[in-house]
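Peer 1: Dropping a structure here in structure tokens format, bear with me for questions.
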Ligand SMILES: *Cc1c(COP(=O)(O)O)cnc(C)c1O
């Protein structure tokens, strides 16, 4: 359920016509619905009756306005870099609701998280554990630690977004983890608080979640026998959404399956949903520049793979919809961007609306891993982000300028001066 609907053949985001926003901010742009964001966050968060913290996965959509919205609803943040910690703090997320995941935290990032007194570090290796012990010792504090275990469960999703199989780089193999917990338990500046796992993204079935939770539960019992008590159980994110015809479980069904498996454990649950909250709450709006018929049919638009990488990166599907339905029907065509790469497509070989120059198209379900994966490739300024609330819209990130493109660059003296 989202708030992108047609009224009299015009696409609206809540009560604002998408074409009107395009007129005001130019194209391309990302557009989010505040009502959808709120609804999705609450549907997820309220599905869990057990003590829990919903730590939104910042990397999926990291604009500070969006993070602030979730913080106001009681949410925390799952972060994977110092940059995301900075964003979360700027957005007013309570540091006691911030968990820090990722295999490659630098010393400086560890210190930053310690200084800000975040809730938990999800540690992913023994070397990282030693680094955090050293940094905490220098600061004279105890570092709150959870270990990310790798349960070796197949999430049955795209290989690039599978993270909980033995062949993936993430976490500590669950059968070697007891030894690591025992080492950590003896360290003076480490406070062992939790177990975490995150097996992948865009899961459309609850069974891999249940399977991995089952393994983690057994592991927590082994820890208990070894005298190590666990306060937090972090199940990661990964719940999928409908892009096309997938039928992922509703948050309520997911929560119920987890609650059943949690019986007998008295941990506080940490959840790190990303895509399921923001995926269908955002679209990318783009304009048709040219069309090419003759051989294969191409629709050339002003957004490219630098703006929305998922089709090129994962061969991901995003539905293409007309912002103004003109009753011209549909045809099979490739929707491509201006980037000098053959991999620069937004939709390939699919039925799309018949277009003419100047038409506006919406790439649906682009709220997650859309703007956050965008780049300046081909020296294209990153697009603006707009948030609709009821009948108003707000620019929550300005379109980058050409000056932004060269910010920080410098021609060294030995090259002589630029003659203009
Ligand atoms: C990416 C990620 C998430 C969010 O995944 P979604 O599929 O967007 O829910 C949660 N936790 C960790 C550790 C991640 O890396």
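FYI, it's all coordinate maths here, none of it is from the lab. Only a predicted model underlies this, so the values are computations on that prediction, with no experimental measurement involved. All Cβ positions, even for glycine, are placed from backbone atoms using ideal geometry, and neighbour counts span all protein chains on display.
Peer 1: State, as an integer percentage, the relative contact order of the chain based on alpha-carbon contacts under 8 Å between residues 6 or more apart.
Peer 2: This gives 19 percent for the chain.
Peer 1: Let's test the formula: R0 of 51 Å, r as the Cβ-Cβ distance of residue 182 and residue 247. What FRET efficiency results, to the nearest 0.05?
Peer 2: Rounded to the nearest 0.05, the efficiency is 0.75.
Peer 1: On a full-extension model of 0.36 nm per residue, what is the gain between residue 218 and residue 342, subtracting their alpha-carbon distance, rounded to one decimal in nm?
Peer 2: Contour length minus the Cα-Cα distance gives 39.8 nm.
Peer 1: Same structure, new question: Give me the Å³ per residue figure for the convex hull around the C-alpha atoms of segment 145-224.
Peer 2: Once divided by residue count, the hull of segment 145-224 is 86 Å³.
Peer 1: Once you put a point 7 Å from the Cα of residue 23 and another 7 Å from the Cα of residue 42, both along the Cβ direction, what distance in nm separates them?
Peer 2: About 3.2 nm separates the two model spin labels.
Peer 1: Give me the extension gain from residue 356 to residue 225: residue separation times 0.36 nm, minus the current Cα-Cα distance, reported in nm with one decimal.
Peer 2: Length gained, residue 356 through residue 225: 40.3 nm.
Peer 1: Kindly list the residues of segment 308-334 that lie in the label zone of residue 292, defined by a backbone N under 19 Å from the point 7 Å along the Cα-to-C-beta vector.
Peer 2: 312, 331-334
Peer 1: Per the helix-only calculation at 222 nm, which mean residue ellipticity applies to the chain, given -39500 (n - 2.57) for every DSSP H run of n ≥ 4 and division by its residues, nearest 500 deg cm²/dmol?
Peer 2: -8000 deg cm²/dmol
Peer 1: Can you tell me the convex hull volume per residue for the chain, based on C-alpha atoms, in Å³ to the nearest whole number?
Peer 2: Per residue, the Cα convex hull of the chain comes to 167 Å³.
Peer 1: Return the FRET efficiency for the residue pair residue 207, residue 415: r is the Cβ-Cβ distance, R0 is 51 Å, and the value is rounded to the nearest 0.05. Please list the in-between numbers first.
Peer 2: On the way: r = 60 Å, r/R0 = 1.18.
Approximately 0.25, to the nearest 0.05.
Peer 1: If you line up the long axis of helix 207-225 against the longest principal axis of the chain, both from Cα atoms, how many degrees apart are they, to the nearest 10?
Peer 2: The angle comes out at about 20 degrees.
Peer 1: With an 8 Å Cα cut-off and a minimum separation of 6 or more residues, compute the relative contact order for segment 102-271 in percent.
Peer 2: 20 percent
Peer 1: Enumerate the whole-percent occupancy of each 5 Å bin, from 0 to the last occupied one, for all C-alpha pair distances of segment 102-271.
Peer 2: Taking all Cα pairs of segment 102-271, the binned fractions are 1, 9, 18, 20, 19, 15, 10, 6, 2, 1, 0 percent.
Peer 1: Given contacts defined as C-alpha pairs under 8 Å and at least six residues apart, what's the relative contact order of segment 216-278, whole-number percent?
Peer 2: Values: 53 pairs, mean separation 30.4, N = 63.
Taking the mean separation of contacting Cα pairs over the length of segment 216-278, I get 48 percent.
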